[in-house]
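Scroll down for the structure; my scribbles are underneath it.
The values are calculated or read from the model by the stated rules, or taken from the named source; none is laboratory data. Computed from a predicted model, the values in this text were never measured in an experiment. Reconstructed Cβ throughout: ideal geometry from the backbone, glycine too, with neighbour counts over all protein chains shown.
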Amino acid sequence: MVVATMRMRARKGEEAALARELCELAQRVRELEPDCLLYRAARSQHDERLFIVLEHYRDADALAAHANSEHYRDAVTALLERLEERPEISLFDAIDACT
C-alpha cells in the first residue's frame, strides 16, 4: 500500500473555497478510483488556512492512475489558484504489521 499526504496552505480569504474543492475532489476520487482505499481532506484545528489530504492507494499503479486522471488534473488547476504556495506532497510505504 502506498500512503500519500498533501499539506497545503490556503491564501487568505480562500479557505472556504479550498475546503469545498477538496471535498468535491474527494467525492470524485471515491466514486471513480476503486484502487484508492482512502482519500480524506482535513483542516487544522489551530490554523484555518492549513489543510492536509491523506491518501491510501492499493499500489504504485493506483497512485499513478490517480495522478493521471482527468478529474485530478482538473482539480489541481483550481486548487493551485487558492494556495499561498505549492503543496508539500510526501509518499510513504504502509507498515504491514500495523494494518
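Miscellaneous remarks
- Test: residue in the stretch 22-43 that is closer than 12 Å to residue 8 by Cα and of a type in the set (D, E, K, R): yes
- Residue in the stretch 34-50 that is in a helix (DSSP H, G or I) and at pLDDT 95 or above present: no
- From 38, 18, 22, 50, residue being over 25 Å from residue 95 (Cα atoms) and within 11 Å of the chain's Cα centre (by Cα): 22
- Failed criterion for residue 86 (all others in (1) basic (Lys, Arg); (2) surrounded by 15 or more Cβ atoms within 10 Å (Cβ to Cβ); (3) free of Cβ contacts under 8 Å to residues at least 40 places away in the same chain hold): (2)
- Qualifying residue in the stretch 34-42 (condition: in contact (Cβ under 8 Å) with a residue 40 or more places away in the chain and either out of contact with any Pro (no Cβ under 8 Å at 6 or more places or on another chain) or surrounded by fewer than 17 Cβ atoms within 10 Å (Cβ to Cβ) (or both)): no
- Restricting the first member to the stretch 43-68 and to residues that are surrounded by 13 or more Cβ atoms within 10 Å (Cβ to Cβ), and the second to residues that are of a type in the set (Ser, Thr, Tyr) and part of a helix (DSSP H, G or I), the beta-carbon pairs closer than 8 Å and six or more apart or on different chains are 66/72.
- Between 75, 97, the distinction of being assigned to a helix (DSSP H, G or I) and either modelled with pLDDT of 95 or more or exposed (fewer than 12 other Cβ atoms within 10 Å of the Cβ) (or both) belongs to 97 only.
- Residues of the stretch 5-29 that turn out to be in a helix (DSSP H, G or I), surrounded by fewer than 16 Cβ atoms within 10 Å (Cβ to Cβ) and either touching a His at 6+ places or on another chain (Cβ under 8 Å) or of a type in the set (Gly, Ala, Ser) (or both), as a count: 2
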